[in-house]
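Step one of this worksheet: look at the structure below.
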Amino acid sequence: MIQRITLEAFTAETVSTYGVVCLDMKEKLDPEAFVKLSERLGKTLPFNLSKYRSVDSPSEITILDNLGDGITAATSSFGEGWHQDSSFLPNPPEYTVLHALDVPSDGGDTFFTDTRLAWERTPEKKRQILRGINLVHSVRDSYRLMPSDVGQTLEALLQTLPKAQHPLVLKHPRGGETLYLSPLYIKGNLYQEQQEIYSEILESVLIDQVTHRWEPGHILAWDNRVVLHAATGYGGKERRHLMRTVVEDIGSL
């Protein structure tokens, strides 16, 4: 599933075709160069949680650093749980790009699974049912309280958290149908009649999971409309330090 490619082949079409691609840069890019590389896939988008980057980093950069301060870098638990990035937004980013700067000698892997494989195994009768389902995605069950939240009522806080509704089956503009089921952001939002069929298709999707073992210099890019991913939540003492961008697929509009 994770296709190793050359820099010349790093295009939106290639990423969508394979779901996940890996570039081995052999050297670490600075934030500006990483943003420029990400722009080969489309329009890079600013990340709203500005605390997860230093003041001198481009607004499109998110820093993941288990030894960071939790203010200018996301903690080791960032990205745990199977999901498609920012699916709780009305217009979530189509692509994510992640660049490894420092990685531990063991652990800190990332899991991926291609939803198209499960869709190919799904009988047409069940496909018809799945095509009619819309799901609410929200950060309600994965949100971690911040100091600025102190003093708010739970009801008021929940009103501020983003949520969006998306079809379970997407018609991918670059071809075919995919499953947009982001379980991390679906928890607690399923109607009773949706639960059984959702659980069945998710179980089928997770059969095909693969593991990426990071090395310094690796750049992974994936299509959030095609694959689910999950971080392992590395808790060791060695440094796990990565940069992330998210990208809008303007070429398929």
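Taking only Cα atoms and a 10 Å spring cutoff, compute GNM fluctuations for the chain and point out the largest among Asp69, Asp109, Asp85.
Among Asp69, Asp109, Asp85, the largest GNM mean-square fluctuation belongs to Asp69.
Compute the length gained on full extension between Ile250 and Asp56: take 0.36 nm times their separation in residues and subtract their Cα-Cα distance, giving the result in nm to one decimal.
So the chain would gain 67.1 nm between Ile250 and Asp56.
Within the range 1-70, list the GluC sites (Glu not before Pro) lying in a DSSP loop whose Cβ has at most 11 other Cβ atoms in a 10 Å radius.
For GluC sites (Glu not before Pro) across the range 1-70 that sit outside H, G, I, E and B with at most 11 neighbouring Cβ atoms in 10 Å, the list reads Glu27.
So which trypsin sites (Lys or Arg not before Pro) in the range 207-244 end up in coil per DSSP with only 14 or fewer other C-beta atoms within 10 Å?
Arg213, Lys237
Mind giving me the FRET efficiency for Ile207 and Lys26? R0 is 45 Å, r the Cβ-Cβ distance, nearest 0.05 is fine.
0.85
With springs only between Cα atoms under 10 Å, which of Lys187, Lys171, Lys125 fluctuates most in a Gaussian network model of the chain?
Answer for the Gaussian network model of the chain: Lys125.
Based only on the alpha carbon positions, what is the Kirkwood hydrodynamic radius of the range 156-253, in angstrom?
For the range 156-253, the Kirkwood estimate is 16.8 Å.
Send over a whole-number figure in Å² for the accessible area per residue of the range 1-119, probe 1.4 Å.
Dividing the accessible area of the range 1-119 by its residue count gives 44 Å².
Alpha carbons only, please: Rg and Dmax for the chain, in angstrom.
Final numbers for Rg and Dmax: 18.0, 53 Å.
Test of the criteria: in the range 11-93, which trypsin sites (Lys or Arg not before Pro) are in a DSSP loop and have at most 11 other Cβ atoms within 10 angstrom of their Cβ?
When the trypsin sites (Lys or Arg not before Pro) of the range 11-93 are filtered for loop state and at most 11 Cβ neighbours within 10 Å, Lys26 remain.
Please report, as a whole percent, how much of the solvent-accessible surface of the chain comes from carbon and sulfur atoms (probe radius 1.4 Å).
Of the solvent-accessible surface of the chain, carbon and sulfur hold 52 percent.
Less than 9 Å Cβ to Cβ from Thr62, Lys/Arg counted +1 and Asp/Glu -1: what total charge do the surrounding residues give?
Charge balance in the 9 Å sphere: +1.
Using label points projected 7 Å from each Cα along Cα→Cβ, tell me how many nm separate Ala9 and Lys43, to one decimal.
2.9
In nm, what is the difference between 0.36 nm times the number of residues separating Val139 and Leu67 and their Cα-Cα distance?
23.5 nm
Which one of Gln192, Gln209, Gln128 has the biggest mean-square fluctuation once the chain is modelled by GNM with Cα springs under 10 Å?
Top of the fluctuation ranking is Gln192.
Using only protein heavy atoms and a 1.4 Å probe, report how much of Asp65 is accessible, in Å² to the nearest 10.
Accessible area, nearest 10 Å²: 10 Å².
The values are calculated or read from the model by the stated rules, or taken from the named source; none is laboratory data. This one's a predicted model, so the numbers in the text were calculated from it and none came from an experiment. FYI the Cβ positions are ideal-geometry reconstructions off the backbone, even for glycines, and counts take in every protein chain you see. Note: areas computed on protein heavy atoms with side chains; ligands, DNA, RNA excluded. Shrake-Rupley method; radii C 1.70, N 1.55, O 1.52, S 1.80 Å.
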